[in-house]
Amino acid sequence: MKNQGGDLERTIHPLAAKYLRQERMPHLACPGCGIGQVVHSTLIACDELALTPENTVWVQGVGCSSRITYTLWKGDNIDAHHGRIFAVATGMKLSRPDLNFICFTGDGDCMSIGGNHFLHACRRNLDVTVIMFNNAIYGMTGGQVAPTTPMGAMTTTTPYGNIEDPMDSVKIAMAAGASYVARWRSTDFRQVVSSIKKGIQTKGFSFIEVLTQCPTQFGRYVLKTGDPLKILQWHKDHTVTLKKAEKMTPEELKDKMLIGEFAHTTDRTGVVERYWDMIKKIQSERA
Amino acid sequence: MLKQECSINKYFVQGDEAIAEGAIAAGCRYFAGYPITPASEISETIARRFPEVGGVAIQMEDELASIHSVGGASVAGMKAMTVSSGPGISLKLEGLGWGIKNELPYVVVDVQRAGPSNGVATRVGQGDLYTVKYGSAGGNNSIIALSPMNVQEAFDLTIECFNLSEIFRTPVFLLTDETVGHTRELLVIPDASELKVVPRRKPTAPPSEFLMYPLNTPGTIDYPYPNIGEGYGICVSPYTHAAKGYATTSEKDQDKMATHLVRKVTDHLDKLTRVQEEMLDDAEYGIIAYGCEARPAMEAMKKARAEGIKVGFLRPIIIWPFPDEPIYRMACKVKKILVPELNRDGQLSREVQRAAKGQAEVYHLGSGGVETHQPVHVYDELMRIIKGK
């Protein structure tokens, strides 16, 4: 499309100009994908907290979550193998506790192949901020079933319908000991911004799951639509806020995902702080 | 500190402990491991020692996490190490690919035990020679591996592994075995001022002019490595990259990267050839062995020499890249070469055969492991092949 303003600079969102590499535009997201909205929210959070490309590292895994965000950030971009994002982040954060780490992962990357690492990163309360895009399917590889895919859903690897129950990342993160846990939809714009900000400010492991619409794969195979709005409607129909859920029966809550802020602990330290405190203590004892 | 014996700087320790001390001496300040026999003593020594020297040692949830966190620490500027044995090494190979592709300096120690699978966890084997070289999927690798034969060398070569990993910007293996790891003998730790330690090289060019990967000059070594938080906006990923680190799918870029990763090693064999040669000048027969098997092999050579049989010995110290040239020279001199090793598939002997290019007959003396060969085994086999039976 011809640039109507004639001056390309003017068409760039000021936050994109501030934080993203222009030479990496356009990014790889499909039309209608929800990841762009959440990246936007992330940039607002970074801006409001005055983070800089110098003091903040973007970390990615494998999948749409990561391939789209990799090399967008003007600062360091460290993209791990599939599922190993938390292991790589552990090495980096323990080595450079002074830097902020924002980790972009997906439901497959985090809950399936990275499941064990996810548990232990929560348990260690690793001081990083994790944003998990949940599109409820393997998008990058062509629409295969994920551990978050709804029961009964048709995907390319469940041609007769998914016979497995989906797992709830929020419950797992809370049980494993994450300091901050929240879940929103990509359309909950202000809440996502607020949660990412809280996540960055919270000591310890911060986990923010965002339901993102995937018209290319989830829409096509599960809902039989390419219309992102219809997937957003599906999100709306299958989610309830924590507050609303309090007054609902288990029968009414069946097939519903809760959204809201589930945990926000501000007084718990994590492995990074504790390790460096231990070093200081032992070194002063030996001195 | 370790408990000192005899006099200052002398210790009576296991090979595993020597590796831990070697890492500290080399400036390693990040360690991640997962419990596995017979490498756990390295993790235990490091867990105790690292906080004393300001290093981070963590036990991760599995082998994958431990090598990936070491990769992360390396990206963050730390000299880093992980250790394991066969079953753990096969898991670590995934992370190794990320390290090779992104040219990350770090060290992986493989204390080999009898395999396949869990095998005999507490006993020696030498089955990982090809695993460390070819195990990382996708090929196009730049594997460097060093192999010590005693406790002192376990210390010295660990430092050397770190130095090579910095110079070549690649993960380097210390390929040792249960016998060396668990043998307790004298270790001399020289004064820090006497040790050669290569620091992480930092770029002098400003970020706008610096390219993360020297792909336009394939085979470049001694290239600086900026780390996270240094303003260079580094890009590290599992995908094939162009010079800045951006992912690419072009055939040209893929070939550039693959060529660079391979030539980084093959263009610098002068720096990566190290063997021990004994009594080869007049030798008519030869023995080639590495790691723990070198010791019975040398004893067998001495016994044969005492009887007037002209036997020489060669030991690869840097075992990958394989010392083709010295072995070819040896093969041109001797009639027959015996290769004792602790596997039945003949890993080292196949490599020797390839390097000998038909200049000498190569004989494999294998064993499933658990025990090293005794000198008499090697001697008897040597006599058998000499007599042509």
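Assuming a ≥ b ≥ c are the square roots of the Cα gyration tensor eigenvalues, decide whether region B:276-387 counts as rounded (a/c under 1.5), prolate (otherwise, with a/b larger than b/c) or oblate. It comes out rounded by the Cα gyration axes.
Based on every Cα atom in the protein assembly as shown, Rg and the maximum pairwise Cα distance Dmax equal 27.8, 95 Å.
Between the amide H of A:M154 and those of A:N162, distances stay under 5 Å, these residues lying 5 or more places away or on another chain, with hydrogens modeled in the peptide plane. For A:T225 and A:K254, a Förster radius of 35 Å and the Cβ-Cβ distance give a FRET efficiency of 0.90, rounded to the nearest 0.05.
Under the combined filter of DSSP loop state and at most 13 neighbouring Cβ atoms within 10 Å, region B:326-388 retains these trypsin sites (Lys or Arg not before Pro): B:R344, B:K357. Springs join every pair of Cα atoms under 10 Å in this Gaussian network model of chain B, and among B:A356, B:A205, B:A39 the largest mean-square fluctuation is at B:A205. The modelled label-to-label distance for the pair B:N118/B:V370, using points 7 Å beyond Cα in the direction of Cβ, is 1.7 nm. Label separation (B:R384 vs B:V188): 4.0 nm, computed from points 7 Å beyond Cα along the C-beta direction. The coefficient of translational diffusion for region A:1-141, derived via Stokes-Einstein from the alpha carbon Kirkwood radius under 4 °C and 1.567 mPa s, stands at 83 µm²/s. The string of couplings for region A:146-159 from the Karplus curve (6.51, -1.76, 1.60, θ = phi - 60°) is 10, x, 10, 5, x, 4, x, 5, 7, 9, 5, 10, 10, x Hz, one whole number per residue in order, with x for Gly and Pro. Taking the C-alpha atoms only, the angle from helix B:251-266 to the longest principal axis of chain B is near 50 degrees. When chain B is treated as a Gaussian network with alpha carbon springs shorter than 10 Å, the biggest mean-square fluctuation among B:Y223, B:Y34, B:Y246 belongs to B:Y246. Put a dot 7 Å past the Cα of B:N9, heading toward its Cβ, do the same for B:C332, and the two dots end up 4.0 nm apart.
Looking at region B:1-160 alone, DSSP beta bridges between its own residues are antiparallel in about 25 percent of cases. In order along region A:128-145, the phi-based Karplus estimate (6.51 cos²θ - 1.76 cosθ + 1.60, θ = phi - 60°) of 3J(HN,Hα) comes to 9, 10, 10, 10, 9, 7, 10, 9, 6, 6, 7, x, 4, 8, x, x, 8, 5 Hz; Gly and Pro are listed as x. Within 10 Å, at most 14 other Cβ atoms, and a DSSP state outside H, G, I, E, B define an exposed site. Report the longest part of chain A free of exposed GluC sites (Glu not before Pro). It runs A:1-163.
Only Lys, Arg, Asp and Glu count, each charged at its Cβ (+1, +1, -1, -1), so figure out the dipole size of region B:276-387 about its Cα centre, rounded to 20 debye.
Value, rounded to 20: 240 debye.
Proximity of backbone amide H atoms, modeled 1.01 Å from N, is registered between B:V362 and B:I337 at under 5 Å, excluding neighbours fewer than 5 places apart on the same chain. When the square roots of the Cα gyration tensor eigenvalues are ordered a ≥ b ≥ c, the ratio a/c for region A:155-228 is 1.5 or more and a/b does not exceed b/c, which makes its shape oblate. Across region B:156-162, computed HN-Hα scalar couplings (Karplus, 6.51 cos²θ - 1.76 cosθ + 1.60, θ = phi - 60°) run 4, 6, 4, 4, 4, 4, 5 Hz from first to last residue, x flagging Gly and Pro.
Shape analysis of chain B yields a ratio of the Cα radius of gyration to the Kirkwood radius, Rg/Rh, of 0.98.
Span-like helix check, chain A: no full DSSP H segment qualifies, none having both a Cα axial length of 24 Å or more and a mean Kyte-Doolittle of -0.5 or more. For B:Y106, nonlocal amide neighbours, meaning residues 5 or more places apart or on other chains whose placed amide H falls under 5 Å from its own, are B:T170, B:V172. Mean residue ellipticity, 222 nm, helices only, chain A: the sum of -39500 (n - 2.57) across DSSP H runs of n ≥ 4, divided by residue count and rounded to 500, is -10500 deg cm²/dmol.
Let me make sure I get this right: for chain A, a, b and c are the square roots of the gyration tensor eigenvalues over alpha carbons, sorted descending. Under 1.5 in a/c it's rounded, otherwise prolate if a/b > b/c, else oblate. Which is it? Note, shape of chain A comes out oblate.
Taken together, the values in this text are just the output of simple stated rules run on the coordinates, not laboratory data. Computed from a predicted model, the values in this text were never measured in an experiment. Here the Cβ is made from the backbone with ideal geometry for all residues, glycine too, and neighbour counts use every protein chain on show.
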